[in-house]
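Single-structure report; data block below.
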């Protein structure tokens, strides 16, 4: 399992339109692709973590990675134009509107603002160029813009319900972070007449009830590196993934998600001893981290260490029922076994856990079609189409046209 941040856990292999297997052979990564989360609240003694023993540079080809400063660096021409725009607007706006409030309006402006979309983590300069990005990209951009105006910021990890995704044979568990733009300071004191402004790419009402934890810039940057390491891993670029996640751990040695990502890299390279060491180290930070437990259980099971596996499995069995893809895979298996009524039940259970997944609606549509419920099949195919990305839209549109012609 990855958290996006990024963690790792065993999950079932991906099902396609023709077949489905339910062997638990893949890993789960907890990463911040669409959004972000942060490190665990447990704070162990730093001297108990032998970070140096985690790394094995000799197993990988050196790869040049982006520096921390470059993540937040904006093009000079853009910064100059941005500051000119602020100064021009400041002569027109009320004296009661402070720099942090102006910046919040700039980021979210209907005309020329920044759009929350896709699952690629970008630096501030890349996000400026594309005018869009995932949650991590937009938070990094907001921090860079705030720095250009000397606006203080506060980063927050929001303990939201996990949002599940699946890419490249990995489950992705997406967390969330946001930031607050604080009132600017004068040379001598803080201006108290202003208020801080929340910058969040989810509605405030949807995150207000969740627990939050303040994280610093080093921790946020560790999340950024972990995100792009996970993205490299999904592309099987193990050398880049290793170099990036190493930077993440060096910035925040207690960041469990990054340690898990490193372990997943070792697993995919065939270095099981090194992977197990990383998982055990992650458990010293958070002994109840489910991602770590999932992936460690995979190693133990494959090595026949069943007594150790059974102890972990008791914990995991309770957690597995919260994974919507567990129900989806059961539905896929039932569908390909032509047990269509069972498939309907499993698809509906998956949707109860994650009603934002287009493939769940598509599966439900196929099961309804197989049982002769053509109206419900068309209804759910339309839902799949509405939620789908560009890679699946044409496929669903073709199937919808075929339904309408029958």
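Could you tell me what fraction of 2.2 N^0.38 Å the Cα radius of gyration of the stretch 324-404 comes to, as a two-decimal ratio? That works out to 0.99 for the stretch 324-404. Look at 195, 127, 291, 261 and count the other Cβ atoms within 10 Å of each Cβ; fewest to most, that gives 195, 127, 291, 261.
Stretching residue 131 away from residue 336 to a fully extended chain increases their span by 69.5 nm, per 0.36 nm per residue minus the current alpha-carbon distance.
Pop the C-beta distance of residue 159 and residue 314 into the FRET formula with R0 = 22 Å and round what comes out to the nearest 0.05.
On the way: r = 25 Å, r/R0 = 1.12.
Given R0 = 22 Å and the Cβ-Cβ separation, E is 0.35.
Taking 0.36 nm per residue of separation and subtracting the Cα-Cα distance, full extension of the segment from residue 390 to residue 280 would add 35.6 nm.
With r as the distance between the Cβ atoms of residue 87 and residue 322 and R0 = 35 Å, compute the FRET efficiency 1/(1 + (r/R0)^6) and round to 0.05. Could you put the intermediate results ahead of the total?
Details: r = 51 Å, r/R0 = 1.45.
Given R0 = 35 Å and the Cβ-Cβ separation, E is 0.10.
With the contact rule set at Cα under 8 Å and sequence spacing of 6 or more, what percent relative contact order holds for the stretch 216-322? Walk me through the intermediate numbers first.
Values: 108 pairs, mean separation 19.3, N = 107.
Contact order relative to length: 18 percent.
Note on residue 69 and residue 250: their simple-model spin labels are 1.5 nm apart, each label 7 Å out from Cα toward Cβ. Restricting the calculation to alpha carbons of the stretch 216-322 gives Rg and Dmax of 13.9, 42 angstrom. Take the Cβ atoms of residue 371 and residue 59, set R0 to 56 Å, and the FRET efficiency comes out at 0.60.
Read-outs: derived from the displayed coordinates by stated rules, not from any lab. All values reported here derive from a predicted model rather than from experimental measurement. Ideal geometry is used to build each Cβ from the backbone, glycine not excepted, and the neighbour counts take in all protein chains shown.
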